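All remarks here apply to the structure that follows.
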Amino acid sequence: MGLAPTSATAFTGCCGASQLFGWERAPLACKQRACRPVLRALTFLLGPRCEWGLGRKTVHKVSAGTPRPTRGTRVLPIQKTEMDPKTRSLHAEEVVCDSSHTHHAVGSRTLPMHTIHSPQKGRSSGFTLIELLVVIAIIAILAGMLLPALGKAKSKAQGILCLSNGKQLMLGWTIYSGDHQERICPSTGLGGLVTTHSPTKDYRLNQWCMGTMHQAPSWTNTILIMDSLLYKYVNSLGVYKCPADRAKATTAAGSAFGRGGGVPKVRSNSMSCFMNPLPGETRAMGKTYRRQGDFVLGPSMTWVTIDENPASINDGWFVHESKASFVDYPASYHNSAGGLSFADGHSEIKRWRSPAVLTYGQSSRVNAALDRVDATWLYDRTTDFTQRWN
């Protein structure tokens, strides 16, 4: 495969490359660096199979009567060159693809060329200070772009695990009702609080989950949870706690949100105060649910458990009975969202917009309109507030 004469314009001015191929004479005013792409291109086109003749030779023009080489061989132009130190001219060597063939030719050319300078010797191969600073800056920019995305991905993964925990808890809650004539697992508030475990396992006020998360020693007491009514149906401590909850068992400032040292608390969710409350607990209005068939709003529209804000959680009850404000506050562990489980067994992650919910325990921000939106959403899925407590 040879280069056509029509391609001569591509080599115009490159060290007499047009003369080398027998094309029309071209100006020889190219600079040193302009030669390099041509030589590299020729090397690429001519291929690696060619063998070079030894010694200093010149390229020959083949006359019309000269026998052509046999099939499979060709005379190839410049691939290896040598500089004549006296004439400062570049001599091209004869190229043969197959060493068994020799080409007879008449005439020769010597190609002038500018001096080729070798790279500087002694130069350090390490990075310069500017190069290092550029690399560090790029890494910092990439980290700034990726870390927030990784944080959101982690929060989303924790939200999926939280949904799974809520579903398992509802499965155990439903099985409990099946074993107790459809009666719902009882709950209670501070009036029925149990803070220490009993060696005899005899608890007069046993409920879905005993203990409180606002004081020692019950905020780290796993025995109280294991002795509670619902535990044997779920057989896992992990389902009582959202994986994103970092609350510490200490009264130090910020401990509810994981700041400082301390042992993690053992529970992060609470149950609706209308779920079969034990005697002694009363509210003004709202229908209580005693059996699985009592859900007047429908099981899919009645929440049972909720992730509670680590700064407001105490007993196993969650009280909500207003369209404008909160008594207990939902958690917002998952990118301003928290988990809830419903009576039909499904779980969901609810995104909260209320500043009162999102900042409770850290700052005091209020937006009446947004507070009302979230309070109303939860109110409509709690119970029928047109009926009295029973």
Compute the distance from the alpha-carbon center of the stretch 220-248 to that of the stretch 262-284, in whole Å.
13
Above-threshold pairs, the threshold being 30 Å between Cα atoms, out of LYS154/LYS287; LYS248/LYS350; LYS152/LYS232; LYS287/LYS350; LYS201/LYS323
LYS154/LYS287; LYS152/LYS232; LYS201/LYS323
Which listed residue (TYR289, MET226, PRO243) has the Cα farthest towards the positive end of the charge dipole for the stretch 217-299, taking +1 on Lys and Arg C-beta and -1 on Asp and Glu C-beta about the Cα centre?
PRO243
In what sequence do LEU163, LEU224 fall when counting other Cβ within 10 Å, fewest first?
LEU163, LEU224
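Bear in mind that the values in this text are calculations on the coordinates, not laboratory data. Just so we're clear, the structure is a prediction, and the values are computed from it rather than from any experiment. A quick note on method: Cβ atoms are made from the backbone with ideal geometry, for glycine too, and the neighbour counts reach across all protein chains shown.
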